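What follows is calculated from the coordinates using simple rules that are stated; it is not laboratory data. Since this is a predicted model, take the numbers as computed values, not measurements. Ideal geometry is used to build each Cβ from the backbone, glycine not excepted, and the neighbour counts take in all protein chains shown.
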Amino acid sequence: MLAVASLRKRYGATEALRGVSFEVGPGELVGLLGPNGAGKSTLTKIACGLVRPSAGSVTVAGAPAGSEPARRVLGYLAELFRFPGWCTAGEVLVLHQRLAGSDGGASERAELLELVGLGGEDARRVETMSKGMQQRLGLAQALIGSPRLLLLDEPTSALDPAGRRTVRDLLGELRRRGVSVLVNTHLLSEVEHTCDRVLILHHGEVLADGSPAELTRPRGDAVEIAGGTRIFEGAAREDAPRIVAELVAAGEQVYSVELLRSTLEERYLEVVT
C-alpha cells in the first residue's frame, strides 16, 4: 500500500531525509518513531503529496504520491490541524465528505463519530470541544471515504488515557478491516502494544525496522519460588526447563517462570543516543 524508495528531502543546507526505504503492506500497522527533527513529519507529508521529494519515490497503492489515484485511497490526519470553531462536528464531516467525494451521507458520519467515541455529538460545535475531542474528530475526518491507507501524525498527542485507549481500539478495528496505517508518534508504549512493525528514524535515516518483539531482546528468566523471585541474567527461553529442573532437584518449589525482555524504550534509546 505504501512504498518508499531511496527517499531524500533537502531544505537548503539541511537534509531532512537521507535515502529512506521501506514498505507498508495491506492491513499492516506500522509505527514511525524518532526524536524531533528526525524527518517523520516530512516523510508523512511527502506520502500525502504535500511536499515534493528531492530524490527517490513514494507510491500509494502503486500510484505516485500526490496523484489523484493516490489521494483517492488515502486518509490523513496532520499533527497541527484546525477546524472552524463555529462548525458542528457533523458540519466538519459534511465538508470533508464533499472534499473527498464521499457519498456516505449521514450514515457514514454517524458510524465514524461512533467509531472515535463521539457518538451523538454531531450537533456539538468545535469551539466547545476539548482538545482530545477535536483530535478524535480529526480521526473521524481522516476515515471519510473508507481509505485503504491511513497516515496519522501524532494522533494521540492531545488525548488522555481513555482517549488513547479509544484510538488503540480504533487501530485494532482498522487492522481487522484490512486498512494499512502509518502512525507517527512519540508514545512508545502505544506503538509497543498496537503496531505490527516499528521504524526508528534518526537524522533522516531508518536505523531500525522490525516487529516490537524483534527490536527487543531476551535479558534473562525470572523464576518465582517460595523464598521470592530469582533472576537468571542472560538466560533464554530454552534455558527455562533446565533451570526449573535444577531448582526442583534442589528442593525448591517453583510457582512461575517469566522470560524478561528489554523494552522498546531501551532499544529506542540505544538507537538515537
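Things worth noting here:
- The DSSP beta bridges internal to segment 95-221 are antiparallel in roughly 50% of cases.
- Secondary structure note: in segment 2-214, about 55% of the DSSP beta bridges are antiparallel.
- Residues whose amide H lies under 5 Å from that of His202, counting only those 5 or more places away or on a different chain, are Leu207; hydrogens are built 1.01 Å from N in the peptide plane.
- Listed residues Gly62, Gly145, Gly75, most fluctuating in the chain (Gaussian network, C-alpha, under 10 Å): Gly62
- Segment 195-234 and segment 83-99: distance between their alpha carbon centers, rounded to Å: 43 Å
- Backbone N within segment 155-190 under 15 Å of label point (7 Å from Arg124 Cα along the Cβ vector): 159-160, 162-164, 166-167
- Charged-residue dipole, Cβ positions (Lys, Arg, Asp, Glu), the chain about Cα centre, Debye nearest 20: 1080 debye
- Here percent of Cα pairs over 25 Å apart was computed from the coordinates, and among (i) 53; (ii) 66; (iii) 45 the match is (i).
- Interchain or long-range residues, amide H under 5 Å from Leu150's placed H: Gly75, Ser180, Val181, Leu182
- Chain lengthening between Glu111 and Arg165 when straightened (0.36 nm per residue, less Cα-Cα): 17.6 nm
- Residue by residue, segment 34-46 carries 3J(HN,Hα) couplings of x, x, 4, x, 6, x, 5, 5, 4, 4, 5, 5, 5 Hz when phi is fed to the Karplus relation 6.51 cos²θ - 1.76 cosθ + 1.60 (θ = phi - 60°); x denotes Gly or Pro.
- Computed 3J(HN,Hα) for segment 130-143, one whole-Hz value per residue from the Karplus formula 6.51 cos²θ - 1.76 cosθ + 1.60 where θ = phi - 60°, is 6, 4, x, 5, 5, 4, 5, 5, x, 5, 4, 5, 5, 8, glycine and proline marked x.
- Distance between the pseudo-spin-label points of Ala245 and Ser54 (7 Å out from Cα toward the beta carbon): 6.0 nm.
- For segment 216-222, backbone phi angles converted through the Karplus equation (6.51, -1.76, 1.60; θ = phi - 60°) give residue-by-residue couplings of 9, 8, x, 9, x, 10, 10 Hz, Gly and Pro being listed as x.
- Cleavage-rule hits (chymotrypsin sites (Phe, Trp or Tyr not before Pro)) in segment 75-144: DSSP loop, at most 11 neighbouring Cβ within 10 angstrom: Trp86
- Neighbour counting of Cβ atoms within 10 Å sorts the residues Leu115, Leu139, fewest neighbours leading, into Leu115, Leu139.
- Projected label points at Glu224 and Phe81, each 7 Å from Cα along the beta carbon direction, are separated by 4.4 nanometres.
- Among Ala123, Ala249, Ala235: highest mean-square fluctuation, GNM of the chain, C-alpha pairs under 10 Å: Ala249
- Here the spin labels are modelled as points 7 Å beyond Cα on the Cα-Cβ line, and at Leu259 and His186 they lie 3.3 nm apart.
- Debye intensity ratio in log₁₀ form over the Cα atoms of segment 64-218, taken at each q of 0.10, 0.14, 0.15, 0.16 Å⁻¹: -0.37, -0.72, -0.82, -0.92
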